[in-house]
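Read the figures in this text as sums done on the coordinates, not as results from a lab. In this text the structure is predicted, and so the values were computed from the model without any measurement. As a convention, Cβ positions derive from the backbone with ideal geometry for all residues, glycine included, and neighbour counts pool all protein chains shown.
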Amino acid sequence: MTWSLNEIEGLSRKAARGAGLSWGLAEEAGKATRWLCAAGLPGAEALAGLLRQNDGAEYETLCPLDDTGTWAAKGGALCPLISGAAICDHAKDIAEGKALELGETSFPLLLLPYVAAAAQDNETTLTLEWPGLTVSFGAETCINQTIPGALDRDSAAGVRITSAPDGDGTPLAPVTRGDITPEIAQILTEFAHRTYAPDTAQSRLAGAGAGLSDND
Amino acid sequence: MQQTDSIRIAPRDPNVVMRLARLGSFHQSRLSFMRVLLRRLKAENWQFERGVFDIDARGVGRAVYTAHGPHRSYSLIAFANDLPPEKRSDRVIATEWDATFTLFDGIPTRADLERLYQNVPRQEAGRITETELSLSRANRSVRLWDYVVDCLAHGQQPDQGRIDDVGYLMRTTAVYGSGKFGAADRETTAERDEFQAPFQIEMLSVFLTRAFVMDLVEHMAALRAPETAVPLAPKLRRRFGIGNSTGLGMAPFILNHPALLNNWIAAREEALARIRALPEATPEAAQSFCDFAKRARLHAQSWQSEHPIQIAKLDDLRADMEALIAHLAEADLTGDMPWNRLWLWGETALAVEGQELLASLLMEPYGDLVDGLSCCMAADEGATWRIDGAMQVSDLRAITQDVYGWALEIDWAGRDATARVWYTSEAKLEPRLGERFDEPIEPYEQPLCPGRDAARMFADLADFPKGPVAGFLLKHPEHRHVVRRAQIAARLPYAEIRDNTIDASVLPIDMLRAKLSFFGACHFDPRSDRWLRINMFQHAPFPGELAGGNADDWTYPYLEGRA
């Protein structure tokens, strides 16, 4: 069964919110997962893995702090959704030549859409690197993987984002539908379900406006 | 030829337009999506055929209606059902309907029809694919369906008064598009000329649904009494639109599509400003306007509702139409910026209902100034969606004061100001509105209260005297969604509703009506403060009549002796 990209975005947004991210971050998580699926990359798998790993963790332990010049998380590994949003917010600095160093980062695949947005918004070419992988965001997005499996690993020890000329690699092959396994869909659906209020007799009667007859 | 200096009239202030009471008084216009669709179908000479119509005496079966455009064909696939009356409900939580539909991209094969038969009647519980563009359902009007079948079976025409009391034989209870339940994403069809304007897929689906429903009622009568049954008289047939029940789901939609909302309203405001700026009007245009005003009066007279709020609004509207027509008898409508003078008169002489109808009516004689604006009404939300993290917090503070000044004046500690909560129920994901202080629903609150959230964000900005927004957002991720909204609304003046959407007195039907007016709906009939009924395509030509008639001039009743 394939999914429309809108369904993937909506499910991912709700799942991210259900896992405790703020609405604004969840909106961007939805768009990011959609971007990855539309690029034929395993975005839903990465999101499901991340949300499971960080379920219950506080924002303060996952967000970037830059006391040492390198973004790092107090709790160990950076959340790529929080860091990704911050990368977009700091895109101008990066485009102007200020390289960004990130410490240990979970599911770094999820950073790709944010760096792509940062490059696009500033009409510049950015490069994203972690051990075994270089991604260049220019006229095309090109992936150069030197260690098999580097792209969809659970964690990277360090990540670097720089303003750099177009690099080599395999261009993305866009698709119009997402292919998500039932197991991954189930994980995301369970997180999304946390955003739904239990159905009660009172809410069923009044919440949508009982009013006059709807069968006449 | 003497050059007349035209004076630029600015579009109206968003602080005036974007109030809920005004949005809830909008009317259909030349820019409404139904009218955009029918103008195109006519101009491009679309052809229509009924490829399949296989429905038994119980009313169970299927039908396929295909519309052939210059480049592509689209097919409405209908599945008719024999629904026990106790199962009939317009709520999202219903599980069976009298008829279900999908708009297919092309012409379906037998295998497509079998696949869709397994899924479309189940609606949200089924799955459709990227060859399907919409998913919808409809229920019969209990007041009218059996009566009309009976009349026709006995060889009689139904009574016009009874038809007009309801206005439709079936009403749709949801029309899903853009990727829902597996359907094609809007992005995959948005580049096609015929779907460039918003909601054209949904409007085409409803237009063909109306044709199906009328064929079905005649078919049922003919099966019941083959010897005596007659079809509906063409003039009566046109009096049936297709009904629609709309609930709370539309309110989140307009809050979640700020660029789209902006573009709809900006097009309408630009049209109004262009017409107000005209230095003079021809006698023909003036006469045309006066005729439309009289027809709109008839429309207001025939508009019925049992809801006290709408009854009061209709009293306003009818009085406004009398005042307008009395004023027109005296007014000079040809020189000295006649429409601007009329508009300024209306701002003081008419209630909000009448003012907004006047805005729609002024567009009627000026298709050449107005119709082209429909191409500006689509939106790419992604183009304005990303946060500008380099913006200085002082600028964010300034735009917050500009866009949300009204919200910064509200006492958000007061219970009335935050009395309501928008949430989604786990029961078929039905959108609902609850009572914050009476129900345990606050943990499930959706971000549909921009005013309150902007006020909270503004309060926290006090601790950030300077620096870029990026730093503020890293510290305050809970404000991220509303920083985005503020930045969008600073660029797009009509993107934000400038009213409290969680106040104890909020009327969700105002948001529903704003959206439905852009669809082209008429006869708004609230059934509570949070759902309403409307009529679509009433008096419109049927598919086969488009080529030979007027495709656009049908939304107001004709004056006596003219057609």
> To the nearest 20 debye, what charge dipole does chain B have about its Cα centre, counting +1 at the Cβ of each Lys and Arg and -1 at the Cβ of each Asp and Glu?
Replying inline: 640 debye
> Whose amide H sits under 5 Å from the amide H of B:E280, counting only residues 5 or more places off or on another chain, with H placed in the peptide plane?
Replying inline: B:M337
>> I'd like the Karplus ³J(HN,Hα) series for segment B:48-61: coefficients 6.51, -1.76, 1.60, θ = phi - 60°, whole numbers in Hz, and an x wherever there's a Gly or Pro.
In response: 10, 9, 9, x, 9, 8, 10, 10, 8, 5, 7, x, 9, x
> By the scheme Lys and Arg +1, Asp and Glu -1, what is the net charge of all other residues having a beta-carbon under 11 Å from that of A:N144?
Replying inline: -2
>> Under 5 Å between amide hydrogens, which residues at least 5 positions from B:A174 or on another chain qualify, with H placed 1.01 Å from N in the peptide plane?
In response: B:R137
>> Considering just Cα atoms, how many Å³ per residue does the convex hull of segment B:381-491 enclose?
In response: 120 Å³
>> Could you order the peptides A:183-191, B:448-456 from most to least packed, using the average number of other C-beta atoms within 10 Å per residue?
In response: B:448-456, A:183-191
>> Taking the beta-carbon count within 10 Å as an exposure proxy, list B:K180, B:K235 from fewest neighbours to most.
In response: B:K235, B:K180
>> Per residue of segment B:37-46, what does 6.51 cos²θ - 1.76 cosθ + 1.60 with θ = phi - 60° give for ³J(HN,Hα)? Whole Hz please, x for Gly and Pro, Karplus curve as stated.
In response: 4, 5, 4, 5, 4, 6, 4, 9, 6, 4
> Against the longest principal axis of chain B, how steep is helix B:508-519, in degrees 0 to 90 to the nearest 10, with axes from Cα atoms?
Replying inline: 60 degrees
>> Please compute the average number of Cβ atoms from other chains found within 10 Å of each residue's Cβ in peptide B:116-127.
In response: 0
>> Considering just Cα atoms, how many Å³ per residue does the convex hull of the protein assembly as shown enclose?
In response: 177 Å³
> Expressed as a rounded percentage, what relative contact order does segment B:381-491 have, with Cα pairs under 8 Å and six or more residues apart?
Replying inline: 40 percent
>> Please give me, ordered by residue number, the trypsin sites (Lys or Arg not before Pro) of segment B:124-156 that lie in loop per DSSP and have at most 14 other Cβ atoms within 10 Å.
In response: B:R143
>> A 18 angstrom limit on the alpha carbon distance is what I want to check against. Which of B:K235/B:K515; B:K87/B:K428; A:K14/B:K180; A:K31/B:K180; B:K180/B:K428 exceed it?
In response: B:K235/B:K515
> Each residue of segment A:139-153 in turn: what ³J(HN,Hα) in whole Hz from Karplus with 6.51, -1.76, 1.60 and θ = phi - 60°, glycine and Pro shown as x?
Replying inline: 4, 10, 9, 10, 10, 10, 9, 9, 10, x, x, 5, 5, 10, 6
> Can you give the average number of partner chain beta-carbon atoms within 10 Å of each beta-carbon in peptide B:245-254, as a whole number?
Replying inline: 1
> What is the local net charge at B:G167, summed over the other residues whose Cβ is closer than 12 Å to its Cβ (Lys, Arg +1; Asp, Glu -1)?
Replying inline: +4
> What angle, in degrees between 0 and 90 and rounded to the nearest 10, separates the Cα long axis of helix B:393-403 from the longest principal axis of the Cα atoms of chain B?
Replying inline: 50 degrees
> Helix A:23-38 versus the longest principal axis of chain A: what is the Cα-based angle in degrees, 0 to 90, to the nearest 10?
Replying inline: 70 degrees
> In terms of modelled amide H atoms, which long-range or inter-chain residues lie less than 5 Å from the amide H of B:S425?
Replying inline: A:A197, B:E430, B:R432
>> Report the Cα centroid-to-centroid distance between segment B:382-451 and segment B:61-128 in angstrom, as an integer.
In response: 37 Å
> Quick one: B:D185, B:D164, fewest Cβ neighbours within 10 Å first, how do they rank?
Replying inline: B:D164, B:D185
> What is the mean number of Cβ atoms from other protein chains located within 10 Å of the Cβ atom of each residue in peptide B:433-442, rounded to a whole number?
Replying inline: 3
> Roughly how many whole Å is it from the C-alpha centroid of segment A:39-115 to that of segment B:3-45?
Replying inline: 44 Å
>> Sequence gap at least 6, Cα distance under 8 Å: using those rules, report the relative contact order of chain A to the nearest whole percent.
In response: 25 percent
>> Could you compute the net charge surrounding A:F191? Neighbours are other residues with a C-beta less than 9 Å from the C-beta of A:F191; K and R count +1, D and E count -1.
In response: +2
> In segment B:461-550, which trypsin sites (Lys or Arg not before Pro) are in a loop and have at most 11 other Cβ atoms within 10 Å, using DSSP for the loop call?
Replying inline: B:K466
>> Relative to 2.2 N^0.38 Å, what does the C-alpha radius of gyration of segment B:44-247 come to as a ratio? Two decimals please.
In response: 1.01
